[in-house]
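The block underneath contains the structure these notes are about, expressed in structure tokens.
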Amino acid sequence: MYNFTYDIGTKVHFGKGQIEKLPEAVKEYGNKVLLVYGHGSIRKNGLYDTITKGFRENGIEWVELSGVDPNPRHTSVDEGAKLCRENGVDVIVAVGGGSTIDCSKVISCATFYDGPSWDLLIKKAKPEKFLPVMTVLTLAATGSEMDCGAVISNMETNDKLFLAAPEMRPKVSILDPTYTFSVNKYQTASGTADIMSHVLETYFSPEKDFYMLDRFCEGLLKTCIHYGTIALEQPENYEARANLMWASSWGINDMIGYGKRGPWTVHPMEHELSAFFDITHGVGLAILTPAWMEYVLSDNTVDKFAEYGVNVFGIDAGLEKYEIARAAIRKTREVFRSWGIPETLREVGITEDKLEIMAQKAAKSLGGDTVYVPLNAGDVLKIYKACF
Ligand code: NZQ
Ligand code: ZN
């Protein structure tokens, strides 16, 4: 276990009606807001009206950036930063899923950078100053509501890049599970697969002395499998949506990750799929994850896969360990299948001609020798091909 300092600076207001705390939270930082949202789900479910009414009643002024795309674009970040500069914005309030939140996080530092925001993503410039970000989460998935990272896409260059800074971690997040009642089946399944992937990326790590955190990870995975299935059948089941929402945050808020070395494997492979084909992040992960598991199963990893099989799926611990490991991978695939997630890259519109370039780019961001099982471009290509 490596040394770490645990300091999560996000204040979370969890539960029904917690939106009433938003105006007060905003006013701690000022009274001019940039309200950021996507393509209108928050207008359909009434959240937009609730939030703006709260602002009006509390003398909070706001300007808006709407139309943030899933896989948010650097052009939206530029637009938001311009709005912040021109209007003297004090606080950014992101209302939506990971895309809206990520876009807002990068706006928070792009506002103070005198150039295109993409420079920050390609590390040509370093973010130095930040506006505070608050979130109202409407989709349980990325955990962006409680972490300090953001992923932004540039579809002209087919790049989807990550930026992280402690100052980008939201100051306040409102987590009201009822806001996720309107999330459709596809996004519910995809979001839950994303939470599982965050946990799996951390669970399958080279470090072996994490008994407490590994049990915590298994609890999160069981929560996703159990309540993901219920939320798909009963979208307005509060218990299911609440468990998924809180699992989303804990999957990536550093509690399970600090102390491990941590470079991830499946996410870099997926980000190339999204960068080239603009696919839904969690769906890409669900397609790749079982194939990755099969590819890295070996004498070095079999014990961990067997542990996963016994503790998450309840497979008989008395069976031979490869038998348990293979059954665990099969069950992982079955969960995603039962949620209606496509099983092949072909089904989500990916074409074979781009596999090689995507594999090369993924290999470059794979974290070298410190990942669970190091992979080169050839390995990634084999995993992509296994998903066709
Ligand atoms: O745009 P609107 O109209 O809001 O619709 C969205 C969008 O179409 C819809 N939606 C959200 N809440 C809803 C709803 N529809 C009905 N009712 C609601 N309550 O869902 C669609 C997808 O939204 P999006 O924000 O794109 O989904 P998600 O939360 O899965 O975010 C995905 C993005 O986050 C990145 C992904 O790569 C992707 O770009 N990630 C961010 C991470 C982070 N910051 O730490 C980590 C993750 O691994 C991930 O990479
Ligand atoms: Zn993810």
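The values are calculated or read from the model by the stated rules, or taken from the named source; none is laboratory data. Because the structure is predicted, anything quoted here is derived from the model rather than measured. Note that each Cβ is placed from the backbone with ideal geometry, even for glycine, and that neighbours are counted across all protein chains shown. What goes into the accessible areas is simple: the full protein's heavy atoms, side chains included, and nothing from ligands, DNA or RNA. Shrake-Rupley method; radii C 1.70, N 1.55, O 1.52, S 1.80 Å.
When residues in region 13-72 are screened for being among the aliphatic types (A, V, I, L, M) and not in a strand (DSSP E or B), 9 of them pass.
Each residue in region 231-274 was checked for being under 23 Å from GLU356 (Cβ atoms) and touching a Ser or Thr at 6+ places or on another chain (Cβ under 6 Å), and 3 of them qualify.
Look at region 202-222: where a residue is closer than 13 Å to PHE305 by Cα and a partner is at pLDDT 95 or above and of a type in the set (Val, Ile, Thr), sitting 6+ places away or on another chain with Cβ atoms under 6 Å, you get GLU218/VAL312. Checking each residue in region 147-162 for being surrounded by 23 or more Cβ atoms within 10 Å (Cβ to Cβ) and either acidic (Asp, Glu) or within 26 Å of LYS11 (Cα to Cα) (or both) picks out ASP147, ALA150, VAL151, ILE152. Checking the structure you have, find out if any residue of region 272-283 is open to solvent by 30 Å² or more (accessible area, probe 1.4 Å), within 13 Å of ligand 2 (Cβ to nearest atom) and under 20 Å from the mean Cα position of the chain (by Cα). Yes; the residues of region 272-283 include at least one that is open to solvent by 30 Å² or more (accessible area, probe 1.4 Å), within 13 Å of ligand 2 (Cβ to nearest atom) and under 20 Å from the mean Cα position of the chain (by Cα).
Does LYS123 meet the test of being of a type in the set (Lys, Arg), part of a helix (DSSP H, G or I) and farther than 16 Å from HIS39 by Cα? First the steps, then the outcome.
Values: of a type in the set (Lys, Arg): yes; part of a helix (DSSP H, G or I): no; farther than 16 Å from HIS39 by Cα: yes.
It is false that LYS123 is of a type in the set (Lys, Arg), part of a helix (DSSP H, G or I) and farther than 16 Å from HIS39 by Cα.
Filtering region 44-62 to residues that are in contact (Cβ under 8 Å) with a residue 24 or more places away in the chain and open to solvent by 40 Å² or more (accessible area, probe 1.4 Å) leaves LYS44, ASN45, THR50, GLU57, ASN58, GLY59, GLU61, TRP62.
What number of residues in region 302-360 are among the aromatic types (Phe, Trp, Tyr) and under 23 Å from the mean Cα position of the chain (by Cα)? Working first, answer last.
Step one: of region 302-360, the residues among the aromatic types (Phe, Trp, Tyr) are 305, 308, 313, 322, 336, 339.
If we keep only those that are under 23 Å from the mean Cα position of the chain (by Cα) as well, we get 308, 336, 339.
Going through region 302-360 one residue at a time, the tally reaches 3.
When THR229 is tested against (1) of a type in the set (Ser, Thr, Tyr); (2) modelled with pLDDT of 95 or more; (3) crowded, with 20+ Cβ neighbours inside 10 Å, just one condition goes unmet, and that condition is (3).
In this entry, LEU375 passes the filter for residues that are within 24 Å of THR301 (Cβ to Cβ), in contact (Cβ under 8 Å) with a residue 24 or more places away in the chain, open to solvent by less than 80 Å² (accessible area, probe 1.4 Å) and part of a loop (DSSP other than H, G, I, E, B).
What number of residues in region 176-186 are farther than 21 Å from LYS16 by Cβ and near ligand 1 (Cβ under 9 Å from one of its atoms)? Let's see the steps before the verdict.
First pass over region 176-186, keeping only residues farther than 21 Å from LYS16 by Cβ: 184-186.
Then drop every residue that is not near ligand 1 (Cβ under 9 Å from one of its atoms), which leaves 184, 186.
Counting residues in region 176-186 that are farther than 21 Å from LYS16 by Cβ and near ligand 1 (Cβ under 9 Å from one of its atoms) gives 2.
Just to be sure, is TYR37 under 24 Å from LYS82 (Cα atoms) and open to solvent by less than 30 Å² (accessible area, probe 1.4 Å)? Spelling it out, TYR37 is indeed under 24 Å from LYS82 (Cα atoms) and open to solvent by less than 30 Å² (accessible area, probe 1.4 Å). When every residue of region 63-81 is checked against the conditions, none turns out to be at negative phi, of a type outside the set (A, V, I, L, M, F, W, C), open to solvent by 20 Å² or more (accessible area, probe 1.4 Å) and over 24 Å from the mean Cα position of the chain (by Cα). Taken over region 228-254, the criterion of being free of Cβ contacts under 8 Å to residues at least 24 places away in the same chain and assigned to a helix (DSSP H, G or I) is satisfied by ILE230, GLU233, GLU239, ALA240, ASN243.
Sub-6 Å Cβ pairs linking a first residue in region 138-153 that is assigned to a strand (DSSP E or B) to a second residue that is among the acidic types (Asp, Glu) and near ligand 1 (Cβ under 6 Å from one of its atoms), at least 6 apart or interchain, are ALA150/ASP102; VAL151/ASP102, ordered by first then second residue.
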